[in-house]
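Only the coordinates and a few stated rules stand behind these numbers; no lab work does. Quick caveat, the model's predicted, so the values are computed rather than measured. Don't worry about glycine lacking a Cβ; one is built from the backbone with ideal geometry, like all the others, and counts go over all protein chains shown.
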Amino acid sequence: MSSDESRAPLVFRPTVPDRGGTSGVADAPAPSAEEPRPETLEGQMVAGRYRVEKLLGVGGMGCVYRAEHVHMRKTVALKTLHPEMTQLPEAVARFEREAIAASRIDHPNIATATDFGRLDDGSYFLVLQFVEGRSLRDTIDEIGPLPLARALRIARQVASALKAAHALDIVHRDLKPDNVMLVDSEQGEFVKVLDFGIAKVTIEGSGGLTRMGSVFGTPEYMSPEQCMGQPVDARSDLYALGVILHEMLTGKRPFEADDAVVILRRQIMDAPPPLPADVPAEVVALVSALMAKGVDDRIQSAQLLIDAIDAFSGSATPAASAAAPQRKPLGSDGAIPGAASAPAASAPNAAVAPARRPSPLDELKAVALRPVRLGSARLPLGVVVAAGAVPAVLGLIGIVLLVLVARACSGSGSARGTGQPADSSPVTESTASSAGTQPSPAASRTAQREVERIEGIPIYKRSDDDWVTLARSYSQLNRFEDAASAYRAALSVRRTIRKDPVVLEDLKRAGRDSSAFPIVVNLSETVLGPNGLDLMWELWQEAKGDPARADQADILHKKLTILSRRASPALRVAIELEATNSCDRLADILPRAIKEADTRSVERLESLAKTTGCGDTGKSDCYSCLRSDTKLALATAAARSRPAPKLGQTPDSDY
């Protein structure tokens, strides 16, 4: 986190899960037998037209009833705000927000509001569509993981509801399984999204909630930016939907703890647990794209998510809205953003331009110039399609012709396809100039041809090797932000390259660039394992002596200190030595330094040998407690004798 982010208050509004049956309102559990029942409206008439039939649940802010509209003979849900809550402007504002949000959105997957007013005692009431069904929370608790097809059908309908809300600039902000009701219908299982009580709604002439910067929501489903009290938009809802989809596929919340602050910290810092092995790679990529920590790295709209689910499933879900637009293939009018999208040459953050349909020659070249696994396509992060990459009718003669065409197009000296196995890295020193060295004109031309070739391939047809080659080529052309983004995509589908020295050197070069720096730091702390900590250390050593990179140095130093327990033993010693000036603490570290320290600790250890620098005159010994034995000298000598590993040489078998 940046220094500004670290000051964001970690506060949350605890919510009570729905156990109220059929009301469709998620924050109103039925009162237990031990709890006194509140004074209710049962049997009373509200606003001259609603006969209250039954109390369905009680929550911290109000009650939920089943009622009947006496003139229309229609069952409704009547939600009331406790009278004492009317004294809290913020509670009233949230209640009004729910009324406005639910009344604005006309969509079959959202429980709509039909009336709003005040009772005789001054408290407020809200009339909602009565939804009879089971919450997704109860369903998961009862049966555990859901079948893949069912989970995707539910996620698609929730996405359809979010699309309608987001089109009106309404952000739910508290999406969770408790707020998703499953209703049986003639078309099959149907979803209703409920409870816009803390929705972010743009209202003319009104301000926001009174406690700006506070965090409201349910910690287990909150996006990192929401956890930090930052502004949220539609992409926060998509993150929550990614958490829900993860939970539907595993039966467990990805981030759980008894302490809410611990959950918030994990949402911000930790990668979610892996999905089960039988979940298809395309769906794994989809969930990863939804749960990306960075807002810009996430799937950017509910429509893109709908398109992705449709592409994987082959067709729209029957229970989805009849008004759903005609599906367009991903990569033709836009791409799932973030790690899944390689930036375009002219605009790294722009959507991918409409791709022309590849000619037969293009397809022949694409097949000849890269390894293709016909059995099962492995796709980059966030790209979810079921399209094949090559025609299925190529025979032996066709394969020979492909090779000839490729050689004729690329020249005998171009190394386009690596031919390496799927689980190895195609990046080698023989095909890439050494990191930090300006490539020759010939190498630059080759890199540019590779960029043009791969950018001409629709995103969903790019192989793992295409992504690695694209990243390597961007790096050779000094397009560092593009290189970092492409490596992020490559690492999502080929984790083994996180140990490749060339990849790490490319990322080190990219990390010196201000635009690519945040991407490199994020990969270092989430994907690259102990080698990522080595990379951050080297970037920090460079940045701390450069005034122009002071902000980067500060960020790197803080992250290294926080993540030191994940570093190799030698680097952990170096980080801990740098992180403290306490003589007693330094004395505790020295025995480990004797056993583990390498040359990365030498400068700090040598500085500890100085006997001046403290006191009013600067002539006193800062570390007098280290003079009673020879441990400092032994640690310094041991560190000098152990060379620091080069990038990629630190084992990460336990990562």
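Observations
- Loop GluC sites (Glu not before Pro), segment 563-655, which have at most 15 other Cβ atoms in a 10 Å radius of their Cβ (DSSP): none
- Segments 296-305, 612-621 sorted - mean Cβ within 10 Å per residue, highest first: 296-305, 612-621
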